[in-house]
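Here the structure is laid out as structure tokens; the discussion comes afterwards.
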Amino acid sequence: MAKKKVYKKKRYIVPISIVVLLIVGRLLLPYFVKNYVNKVLADIPGYYGQVKDIDISLLRGAYVIDSLYLKRVNATSEVPVLTIPKADISVEWGALFKGKVVSEIYLSSPEFIYVFEDQQENDTADPELDDWTKALTDLVPIDINKFGITNGKAAFVQLSAEPNIDLHFAELNLNATNLRNVVQKQLNLPSEIHATAISIGNGKVNLDGRMDLVKQVPDMDMGFSLEGASATALNDFTEHYAEIDFESGDFNLYSEVAIADGYLTGYVKPLLKDAKLVGKGDSFLGVLWEGFVGFFKFLLKNKGNNTLATKVPIEGDLNQVEGKVWPTIFNIVKNGWIKAFENQTEGNIEFEDAVEKSQNEN
């Protein structure tokens, strides 16, 4: 009888031990993952970063990063390059039924801030710094197929300017799907991207396009618009670089770009509507500059809809893309005296155009 009792006890020891080990392993897993993530951030040349916590969801095949930040080493400011309050990284279960093991990432309220002084100082000191975006992909163990951003922000900041320059996009929402071509489509550009945001001056931003990110140099066909931004919100920037202040007016920007096999074709179309400049005071140089700018504004603006606009064609190999000067100048005159540019993308840049020009170049 004693031997049977001992045998029964031993029979339960193995499964109980396995259960205990699984529980302990589950409890320790976030600790090990956190250490791995922090090591990846610490190993990025020229940067340092950290995460506050990691949460594991085995049922979803996911882990959630809590409070990630990344900063430049020896930066003059205390502003992080990147902050992500929450990043949800998981297996895309729908793709498993198509035989693909890929992941999806959703970022909540991320902020990317480019501080001009920090980047210039570090780039001069060490131009060989690795790309931190490549290092961050090491945090994802499998290829990314879906990527989303909710309520994000991207900004360019120049602290040495007086006053400080802060050009930003807020309330950024982005959704990119089929990045690894899981859904086989009879298209050259199988992936789709859609984004909206609010610019400085409360302009409405829209980005729509298709891509092929599987290629080493991605192909794409993109359309971008920024509409109804108050020109006065640009005063810090225009005053610093051109000594121009706006009293009123709207700023709009439209662009279409196509890239095929590393060859880019497209345009950028800036448009100012109902713009009025602020007087520069009574100094001789101030009055002279104001009169010079005002004269050309009057001469070149379209009198019918009170717009000052141009269209800048851009074309070339990605290593040497150039804007065309004379067409840009002609388009300023065209808007003012021949036909005003419309407040919209023109829809005349197609992916096939980039394919054809790429083939002609080669």
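Structure values in brief
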| quantity | calculated |
| --- | --- |
| Of the criteria (1) at pLDDT 75 or above; (2) within 23 Å of the chain's Cα centre (by Cα); (3) surrounded by fewer than 19 Cβ atoms within 10 Å (Cβ to Cβ), which one Q216 fails | (1) |
| Extreme residue, modelled with the highest pLDDT, among residues of segment 305-329 that are loosely packed, with under 13 Cβ neighbours inside 10 Å and touching a strand residue (DSSP E or B) at 6+ places or on another chain (Cβ under 8 Å) | L318 |
| Which listed residue, of Y254, Y241, Y263, is at pLDDT below 90, surrounded by 15 or more Cβ atoms within 10 Å (Cβ to Cβ) and aromatic (F, W, Y) | Y263 |
| Which listed residue is touching an Asp or Glu at 6+ places or on another chain (Cβ under 6 Å) and either modelled with pLDDT of 85 or more or not aromatic (F, W, Y) (or both), from L129, L159, L179 | L159 |
| Enumerated strands (runs of 3 or more DSSP E) restricted to segment 187-266, each holding at least 3 residues that are more than 22 Å from A155 (Cβ to Cβ) | 204-212, 219-230, 246-260 |
| E171 vs. criteria in contact with a Lys or Arg (Cβ under 9 Å, 6 or more places away or on another chain) and surrounded by fewer than 16 Cβ atoms within 10 Å (Cβ to Cβ) | yes |
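Okay, residues lined up against (1) out of contact with any Asp or Glu (no Cβ under 9 Å at 6 or more places or on another chain); (2) on the phi < 0 side of the Ramachandran plot; (3) at pLDDT below 65:
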{"position": "K4", "(1), (2), (3)": "yes, yes, yes"}
{"position": "V19", "(1), (2), (3)": "yes, yes, yes"}
{"position": "K34", "(1), (2), (3)": "no, yes, no"}
{"position": "V40", "(1), (2), (3)": "no, yes, no"}
{"position": "G46", "(1), (2), (3)": "no, no, no"}
{"position": "K52", "(1), (2), (3)": "no, yes, no"}
{"position": "D55", "(1), (2), (3)": "no, yes, no"}
{"position": "L59", "(1), (2), (3)": "yes, yes, no"}
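The values are calculated or read from the model by the stated rules, or taken from the named source; none is laboratory data. In this text the structure is predicted, and so the values were computed from the model without any measurement. Because the Cβ atoms are built from the backbone with ideal geometry, glycine has one as well, and the counts that use them run over all protein chains shown.
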